[in-house]
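The values are calculated or read from the model by the stated rules, or taken from the named source; none is laboratory data. Fair warning: this is a prediction, and the values are worked out from it, not measured in the lab. Cβ atoms come from the backbone with ideal geometry, glycine included; neighbour counts cover every protein chain shown. Remember, those area values only see protein heavy atoms, side chains included, never the ligands or the DNA or RNA. Shrake-Rupley method; radii C 1.70, N 1.55, O 1.52, S 1.80 Å.
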Amino acid sequence: MLDVTRSPSEHALAYSNEAGQVWMHDLQTNAAIGSGQLAPARRSDLDAEHQPLWIREIQWNPAGTDLAIAGSWGELYDWQPHKSPIRLLATHSVEKGFTALEWSTDGTRVIAGQRDGGVTIVDLKSHTVVQSWSTGQGTVLSLTVQGDTITTLGQDKTLSQWRIEQQRTP
């Protein structure tokens, strides 16, 4: 097992392994409510160091209805129990693979840190990138969100804070 997370209601558990598989279980009934292989097949000409295919992080949204999944190979998913996962973003690059993950406080956006030092915010409704930038800190090792503030920890051991741009409605 590589990562595990319990839903905010504590009724569901999700976990992943180093082979790119994710499982979700209802803790009240012990029934599987989702499972699948999200990582692509490994190319035979690349080793694990040059083509990492593990799930870096999984996180339930604040309501416990959606599971965000960050793949080290550069894909970001939203998965609801009993449904198929939806790919929100594909960077098509291991160098831009996802390394950290968090939901916005209101649960409408997924914020993901990347191996190349990037941070990307994806809107869950439109499945579009609404904001992205480079931290200049090397790999984003960890991030946290509080309100409109994102705090990142970079590979260079720098702790930085960033403000999320507010989306204007017409």
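Values as computed for the structure displayed
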quantity	calculated
Residue identified as among the polar types (S, T, N, Q) and under 23 Å from G36 (Cα atoms) among T152, T91, T144	T91
Answer from A63, A68 - the residue that is crowded, with 16+ Cβ neighbours inside 10 Å and at pLDDT 90 or above	A68
Odd one out for R43, checked against (1) at pLDDT below 90; (2) surrounded by 14 or more Cβ atoms within 10 Å (Cβ to Cβ)	(2)
In the stretch 11-30, residue farthest from E75 (Cα to Cα) [restricted to those that are surrounded by fewer than 16 Cβ atoms within 10 Å (Cβ to Cβ) and touching a His at 6+ places or on another chain (Cβ under 7 Å)]	Q28
Pairs where the first residue, in the stretch 95-113, is in contact (Cβ under 8 Å) with a residue 40 or more places away in the chain and the second is part of a loop (DSSP other than H, G, I, E, B) and of a type in the set (F, W, Y), C-beta under 6 Å, 6+ apart	G97/W73
When residues of the stretch 122-169 are limited to those that are more than 14 Å from G107 (Cα to Cα) and among the charged types (D, E, K, R), the one least open to solvent (accessible area, probe 1.4 Å)	D156
